[in-house]
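Everything below concerns the one structure shown next.
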Amino acid sequence: MPMSLAFERQLVLVAVGLLLIATVVPLAGFMLGRNVYRPTAGLYAGVVALLGAAITGRWLREGQGPFLTLYDILLSNLFSLTLVFLLISIFATAVRAGIVVTSPLLLVLGVWLTGVSELSVPLPGAFDNAWLWVHVLSGKVFLGFCLVAAATAIIMLTSAAGSSDRSSRLTPSPERSEQAIWALFFVALICHSVMLVAGAVWAHSAWGHFWSWDPLETWTLVTWLMLAGALHARATFRNMPHSLGHVMVLATFAVAFLTFFGVPFFSIAPHKGLM
Amino acid sequence: MIMLLKKLASLRLTLVGMALLALLAVVGSRNAEIGAGITAVPLVILVVNLLAALLTNKSIRTQTGLLVFHVGLLLVFACIGLTVLLRYDGHVEVVQGGAFDAGMVETVEQGWWHHNRLEAIELYQGEVRVNYLPGLNRQDTASTFEYRASSGELRRITVGDTRAATIDGYRVAATFNKGFAVLLHWTGTDGTEILGAVHMPSFPEFDWKQLTAWTTPAGQQVELELKFDESVSDDRGAWSFGRTDMPYSVNVSLAGKSQRSLRRGESVELAGGVVRVVELRTWMAYQIDYTPLLPWMLVAALLAIVGLAMHFASRYLPASVTASSKEDGYAHVARV
């Protein structure tokens, strides 16, 4: 028996509730000077499980993946961003402090999700393509890595600006955090490149053009140029202040975030089946 | 010469080119008067910069990953450049039971080096079926036609959302655009007899206005309106486009005044002849494009990605970081 829409909604609401707690706990931990990564990561695991169940139930009920509507895209990205942060932070302790930043952002996405219509729209025939999977999956991994890099960059910027013990406690090892930011950013560039290429192949198959300069494509190219540009600038200007690099990482994530969640819904042409 | 190449290979110039490309991509794509063609300027700067860097920058040549990435990128640029010169992009509507007519193809883009061979295409349109779900949500498209393959054999194919035909190097793909056509028979007072199809506006996009102007072979301007006895499209239920056996009539108007409503087989006398409604058919719009280097562009892009992955592995994976930390004191931040 497929999962009902009402039950799916409850799963999402509980997940958003957990994200609210996951936002408060790290802030409280920061104020009290305690490391609260583990309980917060536990909450993230709960969010991943709940959203994973909601996506699976929805997929089975509707007979199609979460690819088209704003609700689908918010739901799947909330799941993937939480999962990517959780997985990276398990293996890379240097990025764990970023949980202070990621939680409020994920909460915003979650609250946004609860206000969006859950009604499913049938996928156009052009979406029945293996390249779509590569495009979507690499895009989600890209945004996840970019988020973790940006969150760590914010922590580094905050630590550099503040002189208190609390600030310095956020980044116990600035060198490792610095290295992690750029390693994550590099993986983000690789995933973004895969997303671009797979998207172009899919677009050619679906609409006969591998590149159309539509808003989504244009801003995706801008994001790629910002990713590559930041890495290139770091290699070019060896004495560039770390803070400038962190600002570039943040700016890239901001553009990527707006491209993912803004452009597709303000543009009439791309990625929607025409009549 | 070497000095000039080194200046052209400047890493700062790369950053300027990238920033310019990002800026002009946004400006060009948002402003139709400027157009995305303006991005050719920074792209040329980047290609020259990349070529010069490959020739003079020892750091790129000695690091395999970086070298593979930059060579891949250069090949992508080369493929893009050649595609712009060789490409063809056009649209054509073909009526059910009719043949492809190269003269009816509306060219969207044609590269300077493109040798137009559309005349060689031989295609005969068959049935079209497009399924819709409630809310006019278009699902699978299936358009069947026969075409002459390069072997000379007549082949039958059904194209759709994820399948296109390649005929004489051109990719022929079904689009979302399709509609009904009225097959008319004209008998002129001079004895001329002509059979032809008048394409009605796209359906169901303009299901509320199946009206079009038609100039008779005698030169008279008339308006034809296709009216179905019952609604064909269904906003609230599932339905299929492609049937032509439903009851319909064709209103023939002169200067906005209805002349006559014709059923199948009926005719009306107009200036210089008589027109008879033969039957209802469908038409399908195809996109015809020629981008022969696309597979090579994909290979080049994948090569560039492999290069990036190799460079990442050499700079960031634990073993290489440890190794490079012995080489210089900067490895703890793993400079790219």
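The residue list B:Val76, B:Val16 contains one member that is in contact (Cβ under 8 Å) with a residue 40 or more places away in the chain and either open to solvent by less than 60 Å² (accessible area, probe 1.4 Å) or out of contact with any helix residue (DSSP H, G or I) (no Cβ under 7 Å at 6 or more places or on another chain) (or both), which is B:Val76.
Scanning the range A:23-74 for residues that are surrounded by fewer than 17 Cβ atoms within 10 Å (Cβ to Cβ), modelled with pLDDT of 90 or more and touching a Phe, Trp or Tyr at 6+ places or on another chain (Cβ under 8 Å) yields one hit, A:Gly52. Just to be sure before I move on: is B:Asp245 at pLDDT below 95, under 33 Å from the mean Cα position of the chain (by Cα) and either among the aliphatic types (A, V, I, L, M) or open to solvent by less than 80 Å² (accessible area, probe 1.4 Å) (or both) in the structure I sent? Spelling it out, it is not the case that B:Asp245 is at pLDDT below 95, under 33 Å from the mean Cα position of the chain (by Cα) and either among the aliphatic types (A, V, I, L, M) or open to solvent by less than 80 Å² (accessible area, probe 1.4 Å) (or both).
Residue check: A:Gly110 meets all listed conditions (1) in a loop (DSSP other than H, G, I, E, B); (2) open to solvent by less than 30 Å² (accessible area, probe 1.4 Å); (3) under 13 Å from A:Tyr71 (Cβ atoms) but one, namely (1). Of all the listed residues (A:Ile73, A:Ile55, A:Ile99), the sole one being assigned to a helix (DSSP H, G or I) and more than 28 Å from A:Ala180 (Cα to Cα) is A:Ile55. When you check B:Gly90 against the structure, is it of a type outside the set (Asp, Glu), in a loop (DSSP other than H, G, I, E, B) and either over 27 Å from B:Leu302 (Cα atoms) or modelled with pLDDT of 95 or more (or both), yes or no? So B:Gly90 fails the test. Within the span defined as the range A:128-139, every residue fails to be open to solvent by 10 Å² or more (accessible area, probe 1.4 Å), in the same structural domain as A:Leu83 (by TED's automatic domain parsing) and more than 30 Å from A:His246 (Cβ to Cβ). Considering only residues of the range A:226-244 that are more than 8 Å from every other protein chain (Cβ to nearest Cβ) and either among the hydroxyl-bearing types (Ser, Thr, Tyr) or out of contact with any Leu (no Cβ under 8 Å at 6 or more places or on another chain) (or both), which is surrounded by the most Cβ atoms within 10 Å (Cβ to Cβ)? Within the range A:226-244, the match that is surrounded by the most Cβ atoms within 10 Å (Cβ to Cβ) is A:Ala230. For B:Gln287, all conditions in the list (1) assigned to a strand (DSSP E or B); (2) surrounded by fewer than 18 Cβ atoms within 10 Å (Cβ to Cβ) hold save one; what is the number of the exception? Unmet condition: (2).
For the range A:194-225, the set of residues classified as within 7 Å of another protein chain (Cβ to nearest Cβ) and within 25 Å of A:Arg238 (Cβ to Cβ) consists of A:Leu225 only.
Residues of the range B:49-60 that are more than 9 Å from chain A (Cβ to nearest Cβ) and open to solvent by less than 60 Å² (accessible area, probe 1.4 Å): B:Asn49, B:Leu50, B:Ala52, B:Ala53, B:Leu54, B:Thr56, B:Asn57, B:Ile60.
Among residues of the range B:227-241 that are farther than 14 Å from B:Gln210 by Cα and among the basic types (Lys, Arg), those with a Cβ under 7 angstrom from a residue that is open to solvent by 60 Å² or more (accessible area, probe 1.4 Å) and assigned to a loop (DSSP other than H, G, I, E, B), sequence gap 6+ or separate chain, pair up as B:Arg236/B:Pro134.
Annotation: of all residues in the range B:174-189 being crowded, with 18+ Cβ neighbours inside 10 Å and at pLDDT 95 or above, the one that is farthest from the other protein chains (Cβ to nearest Cβ) is B:Trp186. Scanning the range A:25-41 for residues that are more than 14 Å from A:Val101 (Cβ to Cβ), in a helix (DSSP H, G or I) and free of Cβ contacts under 8 Å to residues at least 12 places away in the same chain yields A:Ala28, A:Leu32, A:Arg38.
Looking at B:Glu193, B:Glu146, just one residue is without any contact (Cβ under 8 Å) to a residue 12 or more places away in the chain, open to solvent by 40 Å² or more (accessible area, probe 1.4 Å) and more than 15 Å from the chain's Cα centre (by Cα), and that residue is B:Glu193.
The values are calculated or read from the model by the stated rules, or taken from the named source; none is laboratory data. Quick caveat: nothing in here was measured; it's all calculated off a predicted structure. Cβ atoms come from the backbone with ideal geometry, glycine included; neighbour counts cover every protein chain shown. Heads up: the accessible areas ignore ligands, DNA and RNA and are worked out on the full protein's heavy atoms, side chains in. Shrake-Rupley method; radii C 1.70, N 1.55, O 1.52, S 1.80 Å.
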